[in-house]
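The values are calculated or read from the model by the stated rules, or taken from the named source; none is laboratory data. Since the model is a prediction, treat every value here as computed from it, not as a measurement. Every residue, glycine as well, gets a Cβ built from its backbone with ideal geometry; the counts of neighbours run over all protein chains shown. These area figures cover heavy atoms from the full protein model, side chains too; ligands, DNA and RNA do not enter into them. Shrake-Rupley method; radii C 1.70, N 1.55, O 1.52, S 1.80 Å.
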Amino acid sequence: MSKPYIPILLLFTTFLHFLSPTTAEIKSLTITSDTRPMILFEKFGFTPKGHVTISVSSVSVTPLSSSSSSSSQPESSRLGFFLLNEETLIQVLIEIQQNPSFCVLDSHYISRLFTFRDLSPPPSASFNRSYPVTTPNEYSLFFANCAPETSVSMFVLTEIFNLDADGSKDYLSAGQTQLPSLFFLFFLAYLTFFVFWIYTCYTNKRSIHRIHLLMAVLLIMKALNLICAAEDKHYVKVTGLPHGWDVLFYIFQFIRVVVLFTVIVLIGTGWSFLKPFLQDREKKVLMIVIPLQVLANLASVVIGETGPFIKDWVTWNQVFLLVDIICCCAIIFPIVWSIRSLRETSKTDGKASRNLAKLTLFRQFYIVVIGYLYFTRIVVFALRTIAAYKYQWVSNAAEEIASLAFYIIMFYMFRPVEKNEYFVLDEEEEEAAQIALRDEEFEL
């Protein structure tokens, strides 16, 4: 085995932390002429009653060069499947580092399942067996090809699950079994939020702007996204298959994310409640953010519906992270522009009290948006990294709590009320407001 194994192992381990642990539903895939020395299939948290079922068929190992084919066929024991947990990963890396020709299938730190020596004779060349996992931990299922200059083709069916106390199969990782209930709970929260928002808009008809209607759409999209996520996880947990709920989940996730970024940009520009139009530079931000979100959601679908076993899985992860960072940076600009515009306007229009209120509002909104983006991108990632595999659901709960808090604050700040405290003119405070506007505290 050559040293390319080291960056491959480290790369997979790193990018798996950026996402929720893989949902170990029943998966089937066809591998065609694959030359990779290592293929990661699943990452799963096992209880003491865990099981791994692997079925391979139509297996063929082909030498890449004509000289190899004329000499001898690759040793079948040099290709096979194994389980590896993160605690022993560093030991395997040390073994490879010390001996570049070392085959990971010979390591004492892995749980080898089977090699191609166990396959039935051609032409079927198949194998099917279930393995119990009695030591609870989070394991990664790998395929290793230690035969140099060869490509592998095969059909693989994997079924990974834990057994509950009643003997039923649970296809969700040990740290994800709580997700269906968690998502359903937040669905109820957003549904209640939506009803309350509609009531608020109805009782303040004179103060409703178009942005408030778009905010209502955001709430219902978020609620639908969560109920689809809950149903998706529930059916995967029980049957190993999403039964179409994953399609609805991605549809509503796409709509929800696009509407969320649009609402943040429009509120940041003051559209609808401060001015009835968008400037050209603000339109350009939307023209950048929306197509990028289309690309980000496409990457999200590829990541979620395939897995690390596809050749471009790491690339799609990089695309998703890069696009997400660009969008997060882009939506900040309209808020900064609004704050600067209000500061310039306050010097000429003689309405210091009103401008001070607006500046206070947008400065607070700027801080809230920055805090939300920081928490959901940095803190949640840290939780996924440091939390034990049995408590991976905590990062999902933290992300949903932060999102709900952000929605509540944003909706409260820009709620439709006839006498919004931020926009009330108080002649007695005019002089104090003029002094405050000259203060540098509104500089970002």
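Before moving on, here are some points about what is shown:
- Residue check for Val217: at pLDDT 95 or above, surrounded by fewer than 18 Cβ atoms within 10 Å (Cβ to Cβ) and on the phi < 0 side of the Ramachandran plot: yes
- Hits in the range 37-54 (condition: small (Gly, Ala, Ser) and either in contact with an Asp or Glu (Cβ under 8 Å, 6 or more places away or on another chain) or assigned to a helix (DSSP H, G or I) (or both)): Gly45
- Among residues of the range 381-402 that are not assigned by the TED database to the domain that holds Phe44, those with a Cβ under 6 angstrom from a residue that is of a type in the set (D, E, K, R), sequence gap 6+ or separate chain, pair up as Tyr389/Glu138; Ser395/Arg384.
- Within the span defined as the range 326-340, every residue fails to be closer than 30 Å to Val156 by Cβ, at pLDDT below 75 and polar (S, T, N, Q).
- Flag if Pro242 is closer than 30 Å to Leu322 by Cβ and assigned to a loop (DSSP other than H, G, I, E, B): yes
- Number of residues in the range 189-211 that are β-branched (Val, Ile, Thr) and either in contact (Cβ under 8 Å) with a residue 24 or more places away in the chain or not in a helix (DSSP H, G or I) (or both): the value is 3.
- Taking each residue of the range 298-317 that is closer than 16 Å to Thr158 by Cβ and open to solvent by 30 Å² or more (accessible area, probe 1.4 Å) and looking for partners that are assigned to a helix (DSSP H, G or I) and modelled with pLDDT under 75 with beta-carbon atoms closer than 7 Å, six or more apart or interchain, yields Thr306/Trp313.
- Conditions (1) farther than 23 Å from Thr53 by Cβ; (2) open to solvent by 50 Å² or more (accessible area, probe 1.4 Å); (3) of a type in the set (Gly, Ala, Ser); number of the one not met by Ala165: (1)
- The one condition in (1) open to solvent by 30 Å² or more (accessible area, probe 1.4 Å); (2) in a loop (DSSP other than H, G, I, E, B); (3) of a type in the set (Ser, Thr, Tyr) that Ser173 fails to fulfil: (1)
- Of everything listed in (1) at pLDDT below 95; (2) open to solvent by 10 Å² or more (accessible area, probe 1.4 Å), the single unmet condition for Thr150 is (2).
- Odd one out for Ile160, checked against (1) over 24 Å from Arg415 (Cβ atoms); (2) surrounded by fewer than 21 Cβ atoms within 10 Å (Cβ to Cβ): (2)
- Scanning the range 73-121 for residues that are open to solvent by less than 50 Å² (accessible area, probe 1.4 Å), in a helix (DSSP H, G or I), free of Cβ contacts under 8 Å to residues at least 60 places away in the same chain and under 22 Å from Tyr389 (Cα atoms) returns a single hit, Thr88.
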